[in-house]
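Remarks on the structure that follows.
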Amino acid sequence: RVRPVATYPQYGGAECDVTKQEETCNALGCDRPCTLNDWGPWRQCTRACEGGIKWRSRSVKVPATGAGKCARTFSKARYEKQACNQGQCPTDVMCIAKMDLVVALDSSGSMGEDGWKGVTGGLLGLIERVELSKETGLQMGVVKFAWEVEVVEQLTDDKDALISAVEGMKFDAYTTNIGGAFRSMKNMLQFGRRDAPSVCMLWTDGRPSYPSNDFDAKSGAAELRTACRVMVVTMRPAIPRDQVLPWVSNPKDQNILSVQSPEEMEHSVRQVNTFVCARVQKYLDWTNAHSKEESD
């Protein structure tokens, strides 16, 4: 910085003070690596039993500059995971987790009438095995998709309303608008709770088709992952795993469940429940506890 001289010395007067000062700045190299924050807390185990994963990560505190490098999000420097809840699941379970769960059902033609019956039966069975409570338990919303996407029921803890809505669904038997389903699920979360984790689970038996496609499905899933944990149940062995991997949240292997056919969904309620639910209780213990509460 500089300052001008207002009056120069005369007749032997003293010289002026310093008129220019310099300081070193931006001394760091132009190619600087990023700085990471400390490790965050361990996340909740992904499953209640039979092999879940908990993980923690480090975010970027100061971004890299120039040609400086920064460890990738899922590198060892920034991501750690551990196995958790390795014990066997009970044969009959009740989900007692607090979460907002949105389920999207494939109603495309490849499902077939028997497949659609199996899917609706599976969802009705799941509703019977979750503790619905806006205060302490689960809220569930349902959407179905084919050519068009239809919100069957917004997030609610009203069991009778859910059952009535699911029983009233019609089989569309048309194309597979997976991208549209992902976007509708995100819109439904505006009715969710701030103090409950959001989980979005899509059941499908095939690839996206018009008006959706692979790019559209990936794009819709990317948008959805900013709002919830995205999980997918595939209902045909022929569905390529590589097709589904870009849709789901990390850790990838914890968010994909394979069932042999749509018809099998009616007999896979326990499998789906322990897949999606982070806290379960033996169904008999749950019923006994609630019977005691009612009698008291």
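For the chain, with a Gaussian network of springs between Cα atoms less than 10 Å apart, report the residue from Asp157, Asp216, Asp17 with the top mean-square fluctuation.
Taking springs between Cα atoms under 10 Å, the residue moving most is Asp17.
How large is the accessible surface per residue of the chain, computed with a 1.4 Å probe and reported in Å² as a whole number? Before the final figure, lay out each step's value.
Values: 16450 Å² over 296 residues.
I get 56 Å² per residue for the chain.
Among residues other than Met235 whose Cβ falls under 11 Å from its Cβ, what is the net charge (Lys/Arg +1, Asp/Glu -1)? Write out the running numbers ahead of the final one.
On the way: positive: Arg236; negative: Asp106, Asp205, Glu263, Glu264.
Taking every Cβ under 11 Å from that of Met235, the sum is -3.
Roughly how many debye, to the nearest 20, is the charge dipole of the chain about its Cα centre, given +1 on each Lys and Arg Cβ, -1 on each Asp and Glu Cβ, and no other charges?
Numbers: 37 positive and 38 negative charges, 313 e Å.
Roughly 1500 debye, rounded to the nearest 20.
From the helices alone, meaning DSSP H stretches of at least four residues, give me the mean residue ellipticity at 222 nm for the chain, per-run term -39500 (n - 2.57), in deg cm²/dmol to the nearest 500.
-7500 deg cm²/dmol
List the lysines whose Cα sits under 19 Å from the Cα of Lys69, skipping any in the same chain fewer than 8 residues away.
Candidates past the 8-residue exclusion: Lys61.
Kindly state, to the nearest 0.05, the FRET efficiency for Lys252 paired with Leu36, given R0 = 22 Å and r defined as their beta-carbon distance.
On the way: r = 23 Å, r/R0 = 1.06.
After rounding, the FRET efficiency stands at 0.40.
Pull out a ≥ b ≥ c, the square roots of the eigenvalues of the alpha-carbon gyration tensor of the stretch 205-296, then state rounded if a/c is under 1.5, prolate if not and a/b is larger than b/c, and oblate in the remaining case.
Values: a/c = 2.99, a/b = 2.02, b/c = 1.48.
Prolate, because a/c is 1.5 or more and a/b exceeds b/c.
Let a ≥ b ≥ c be the square roots of the eigenvalues of the Cα gyration tensor of the stretch 131-228; is it rounded (a/c under 1.5), or, if not, prolate (a/b larger than b/c) or oblate?
Oblate, because a/c is 1.5 or more while a/b does not exceed b/c.
Put a dot 7 Å past each Cα toward the Cβ at Glu128 and Ala238; how far apart are the dots in nm?
Between Ala238 and Glu128, the simple spin-label model gives 3.2 nm.
What is the sum of charges, Lys and Arg at +1 and Asp and Glu at -1, for the other residues whose Cβ falls under 9 Å from the Cβ of Lys134?
That works out to -1.
Taking Cα Rg over 2.2 N^0.38 Å as the quantity of interest, determine which of (i) 1.41; (ii) 1.46; (iii) 1.23 was computed from the displayed structure.
Checking each listed value against the structure points to (ii).
Could you order peptides 140-146, 188-194, 19-25 by the average number of other Cβ atoms within 10 Å of their residues, highest first?
My ranking of the peptides, most packed first, is 140-146, 188-194, 19-25.
Tell me the Kirkwood radius of the stretch 1-129: reciprocal of the mean inverse pair distance over distinct alpha-carbon atoms, in Å.
Values: mean 1/r = 0.0445 Å⁻¹.
Evaluated on the stretch 1-129, it is 22.5 Å.
Using the structure shown, select from Lys117/Lys282; Lys159/Lys282; Lys54/Lys134; Lys98/Lys186; Lys117/Lys252; Lys76/Lys98 the pairs with a Cα to Cα distance greater than 23 angstrom.
Lys117/Lys282; Lys54/Lys134; Lys117/Lys252; Lys76/Lys98, as the Cα separations exceed 23 Å there.
To the nearest 10 degrees, how steep is helix 112-127 against the longest Cα principal axis of the chain, on a 0 to 90 scale?
For helix 112-127, the angle is close to 70 degrees.
Which angle between 0 and 90 degrees, to the nearest 10, do you get for helix 214-225 versus the longest principal axis of the chain when only C-alpha atoms count?
Long axis of 214-225 versus the principal axis of the chain: about 70 degrees.
Of all the accessible heavy-atom surface of the chain, with the other protein chains kept in place and a 1.4 Å probe, what percent is carbon and sulfur?
Using a 1.4 Å probe with all protein chains present, the chain comes out at 48 percent carbon and sulfur.
Taking amide H positions as placed in the peptide plane 1.01 Å from N, state which residues far from Val280 in sequence (5 or more) or on other chains have amide H under 5 Å from it.
Residues meeting the amide H criterion: Ile96.
Which of rounded, prolate, oblate describes the stretch 229-272, given a ≥ b ≥ c as roots of the alpha-carbon gyration tensor eigenvalues and a/c under 1.5 marking rounded, otherwise prolate only if a/b is larger than b/c? Provide the component values of the computation, followed by the final result.
Values: a/c = 2.97, a/b = 1.47, b/c = 2.02.
Here the stretch 229-272 falls in the oblate category.
Have a look at the DSSP beta bridges in the chain and tell me what percent are antiparallel, nearest 5.
Here the share of antiparallel DSSP bridges comes out near 40 percent.
Nearest 5 percent is fine: what portion of the DSSP beta bridges confined to the stretch 128-276 is antiparallel?
35
The values are calculated or read from the model by the stated rules, or taken from the named source; none is laboratory data. Please read all numbers here as calculations on a predicted model, not as lab measurements. Ideal geometry is used to build each Cβ from the backbone, glycine not excepted, and the neighbour counts take in all protein chains shown. These accessible areas exclude ligands, DNA and RNA; they are computed on the full protein's heavy atoms, side chains included. Shrake-Rupley method; radii C 1.70, N 1.55, O 1.52, S 1.80 Å.
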